[in-house]
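Asker: Have a look at this one.
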Amino acid sequence: MEITREIFWNVGSGVRIPVYLLGLIVLVILIYGLVRHIRLWRIGKPENRIDKPFKRIVSFLLFGLGHKRILKEPYPGIMHLFLFSGFLVLFIGTVLIFVQEDFTKLLFDKIFISGNFYLIFSFLLDLFGLLAIIGVLLALFRRYVLKPERLDNKFEDALVLIVLLVILLTGFTNEGLRIASNSPEFERWSFVGWQFSKLFVALGSSGGSAESLHLVSWWIHIILAFGFIGYISYSRLLHLISSPLNQFFRSFSPKGEVAPILDIENAETFGVAKLSEFTWKQLFDTDACTRCGRCQDNCPAYLSEKPLSPKKVIQDLKDHLVLQGKTSSQKETSEDQSPSISGSVITEDELWACTTCGACQEVCPVFVEVVDKVVDLRRHLVLMESKFAPEVKLFFKNMETNYNPWAIGFATRGDWAKDLKVKIVAEDRDVDYLFWVGCAGSFDERNKKVSRTLVNLLEKAGVNFGILGAEEMCCGETARRMGNEYLAQILMQQQIEVFNKYGIKKIITYCPHCFNTFKNEYPQFGGKYEVFHHTEFLWDLIQKKKLKLSTGVEMSVVYHDSCYLGRYNDIYDAPRKLLESIEDTRVSEMKRNRDRSFCCGAGGGRMWMEETLGKRINQMRVEQAVETNASVLATACPYCLTMLGDGIKEKEMEQLISAFDVAELVEKAL
Ligand code: SF4
Ligand code: SF4
């Protein structure tokens, strides 16, 4: 007997025409739905997301096909991989059968799925079909038995999973009945179908009766499969198309970069009030979101019971977009009649609760971008509607008058170093590095100690450096993330002029917020520098033996990753290596560490705002540190140092743990 399928068309060639017609109708329904979505995405402004094609293809292969991010969480990762790979292989198999049966066989009387290829083909299709069934069962178990809090259940979630299961089972039923009709031995390679066939034979369905049942099962399978395809563009199944595309269209700008408002002097509106002021990609994100809830699970605002969930923000924007599509004709849509988003679709409390920590984006398997949307919506509130809390107003005023968040005279900025004989660049330009002190390092008592420590370490290592003193201003980071792009650009441009005046090329800073801004955002205005975070710089000095750690320090340290150093700039190892290089020091980790680190609560301007809703984020982080039994909580960021130090005091945990900058611990070992 020839090794191939003998009765694929036992349903009779007469079904070809109805199946083709059905397929055509389904295709039209699918395309019509897609066109409606494309029209909605096109409401947004243009944005180039097809540059760097090679990187984009690699991203698609790694994160889409390879599931690189999804697999970071084993259960949902493997579940999704089984489902995805199962359906992909079954789809390819179906296309090959279609090509053979409807083209090569029909036109040239040639079959290619035969012999050993047929055996392997049958085996693989059964294997991946089985994996897909396991995937569906795992999904059902997780969603309806384990019920993780991050998953919200809608009717369509259950519908989709049940229909998928029935499609897979009817697929195997078809195969089992086909095999049962004459049971050729080689069909053992279809190991699942073979078991189904044995069941049918045992139940008395073989030969002709199997063929009749096959016809019924075949039609159920075809109708459900076509229905499933048609449903894609009208349901959450759209993510089958939009999520891989989002992995292709993802941003390749530095992670810590916020896009500027270009030509701000001549701009008539600022930020985003309406859907049409987002870019098409920002709108596309809302359709790529799979509602997996990973972002929510890692959001410090959500976990501290603030009224913000990044998943909800994206879903609310999506609902708003869909409503827009329903209520407007395409002509009206392009003119955008939508109401203002801030305050209605997304509440002001939600917008101001965000610490811009980036945790949501870092874990999102499909690269949905959240922070840019929050900043854009804040820009509108701040620059167009002047809606912000009194403490934010005070922050802006202090920045405008004294270039720092405190109401301290700008001329005293360098006073912390008066007794240290540090070079002031205006007096002596012969420096290799600018030590950028930052607002906290210049004015905050606790952080001034860190500045002095760094001066000591740099001097001991023989580094030729200077500071700007009174000519240093705020780098503009916080004003920018609070939505005051106008103020941020003024600060940035003024500072660039100062850097240019002194020919500054290399900057050392111990504030990750300043570090990120100089490295990733100053280039937007022509300021390009070599920027070093102090932990990287100190580690390099130790490796080059310019700094020698000679004394052991017995302590148990847990390191807290700053969001702007770790997640946004991938600097995780240098601070840990510094700590590990101190003799007699034990370094431990909190459960939430490295790219999953938990924000201290200060980013995005939250440092300067009252925390009146929910729990205090800094206290939650301190509790996480205390759980490790470490006695020292090390950080590498002045914001984190302040927040964690405050958290320790507020929780009255001074006897258990103390907060230090990594540099201060290194200094102890000199
Ligand atoms: S950036 Fe951080 S605080 Fe803001 S939504 Fe994302 S995870 Fe939450
Ligand atoms: S934004 Fe990303 S992480 Fe959050 S629910 Fe959507 S897909 Fe999941």
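The values are calculated or read from the model by the stated rules, or taken from the named source; none is laboratory data. Computed from a predicted structure; not experimentally measured. All Cβ positions, glycine included, derive from the backbone under ideal geometry; neighbour counts span all protein chains shown. Surface areas here come from the heavy atoms of the whole protein model, side chains and all, with no ligands, DNA or RNA. Shrake-Rupley method; radii C 1.70, N 1.55, O 1.52, S 1.80 Å.
Asker: Would you give the gap between the C-alpha center of region 605-670 and the C-alpha center of region 153-189, rounded to a whole Å?
Answerer: 56 Å
Asker: When the expected Rg is taken as 2.2 N^0.38 Å, what fraction or multiple of it is the alpha-carbon Rg of region 86-126?
Answerer: 1.17
Asker: Hey, what's region 501-559 come to in accessible area per residue, 1.4 Å probe, Å²?
Answerer: On the way: 2390 Å² over 59 residues.
That works out to 41 Å² per residue.
Asker: Compute the angle between helix 239-248 and the longest alpha-carbon principal axis of the chain, please, reported from 0 to 90 degrees and rounded to the nearest 10.
Answerer: 40 degrees
Asker: GluC sites (Glu not before Pro) within region 132-211: which are DSSP loop residues with at most 15 other Cβ atoms inside 10 Å?
Answerer: On the way: sites: E149, E156, E175, E185, E187, E211; in loops: E149.
Loop-located and lightly packed - E149.
Asker: Roll a 1.4 angstrom probe over the protein heavy atoms and tell me the percent of accessible area of region 417-565 that is carbon or sulfur. Don't skip to the end; give the middle numbers.
Answerer: Values: 2510 of 5440 Å².
Percent of accessible area from carbon and sulfur atoms in region 417-565: 46.
Asker: Out of region 105-135, which chymotrypsin sites (Phe, Trp or Tyr not before Pro) are coil in DSSP terms and have no more than 16 other C-beta atoms within 10 Å?
Answerer: Taking region 105-135 and a limit of 16 other Cβ atoms within 10 Å, the loop chymotrypsin sites (Phe, Trp or Tyr not before Pro) found are F112.
Asker: Equivalent ellipsoid semi-axes for the chain, as square roots of 5 times the alpha carbon gyration tensor eigenvalues: give them largest first, rounded to whole Å. It would help to have the intermediate numbers written out before the result.
Answerer: Numbers: eigenvalues 671, 166, 94 Å².
Semi-axes, largest first: 58, 29, 22 Å.
Asker: By the gyration tensor of its Cα atoms, with a ≥ b ≥ c the square roots of the eigenvalues, what is the shape of region 288-411: rounded for a/c under 1.5, prolate for a/b over b/c, or oblate?
Answerer: Because a/c hits 1.5 or more and a/b fails to exceed b/c, region 288-411 counts as oblate.
Asker: Using Cα pairs under 8 angstrom and six or more residues apart, how large is the relative contact order of the chain, in percent?
Answerer: Values: 1017 pairs, mean separation 80.6, N = 670.
Computed value for the chain: 12 percent relative contact order.
Asker: Using Cα atoms only, what is the angle between the long axis of helix 445-460 and the major principal axis of the chain, expressed in degrees (0 to 90) to the nearest 10?
Answerer: So the inclination is approximately 80 degrees.
Asker: Let's test the formula: R0 of 22 Å, r as the Cβ-Cβ distance of K544 and N629. What FRET efficiency results, to the nearest 0.05?
Answerer: Numbers: r = 34 Å, r/R0 = 1.56.
Result of the calculation: an efficiency of 0.05.
Asker: By the scheme Lys and Arg +1, Asp and Glu -1, what is the net charge of all other residues having a beta-carbon under 12 Å from that of G469?
Answerer: Spelling it out: positives minus negatives among the neighbours equals -2.
Asker: Rounded to the nearest 500, what is the chain's calculated 222 nm mean residue ellipticity when only DSSP H runs of at least 4 contribute -39500 (n - 2.57) each, over all residues?
Answerer: For the chain, the value works out to -15500 deg cm²/dmol.
Asker: Can you compute the charge dipole magnitude of region 156-206 about its Cα centre, using +1 on each Lys and Arg Cβ and -1 on each Asp and Glu Cβ, nothing else charged? Give it in debye, rounded to the nearest 20.
Answerer: Using Cβ point charges on Lys, Arg, Asp and Glu, region 156-206 gives about 240 debye.
Asker: Mean separation of Cα pairs under 8 Å and 6+ residues apart, divided by the residue count of region 456-602: what relative contact order is that in percent?
Answerer: Rounded, it is 19 percent for region 456-602.
Asker: Report relative contact order for region 527-604 in percent, whole number only (criteria: Cα-Cα under 8 Å, sequence separation at least 6).
Answerer: Numbers: 79 pairs, mean separation 27.6, N = 78.
Over region 527-604, the number comes to 35 percent.
Asker: Something else about it: Once you list every other residue whose beta carbon is under 11 Å from the beta carbon of K506, what net charge do they have if Lys and Arg are +1 and Asp and Glu are -1? Display every interim value, and only then the final one.
Answerer: Details: positive: K505; negative: D432, E530.
Counting the neighbours of K506, the net charge comes to -1.
Asker: Pop out the Kirkwood hydrodynamic radius of region 1-141 from its pairwise C-alpha distances, inverse of mean 1/r, in Å to one decimal.
Answerer: For region 1-141, the Kirkwood estimate is 18.8 Å.
Asker: Compute the acute angle (0 to 90°) between the alpha-carbon long axis of helix 155-182 and the principal axis of greatest extent of the alpha-carbon atoms of the chain; round to the nearest 10°.
Answerer: 40 degrees
Asker: Next up: Leaving ligands, DNA and RNA out of it, report the carbon-plus-sulfur percent of the accessible area of region 235-280 at a 1.4 Å probe. Don't skip to the answer; put the middle values down first.
Answerer: Working: 1180 of 2040 Å².
It is 58 percent, rounded to a whole number.
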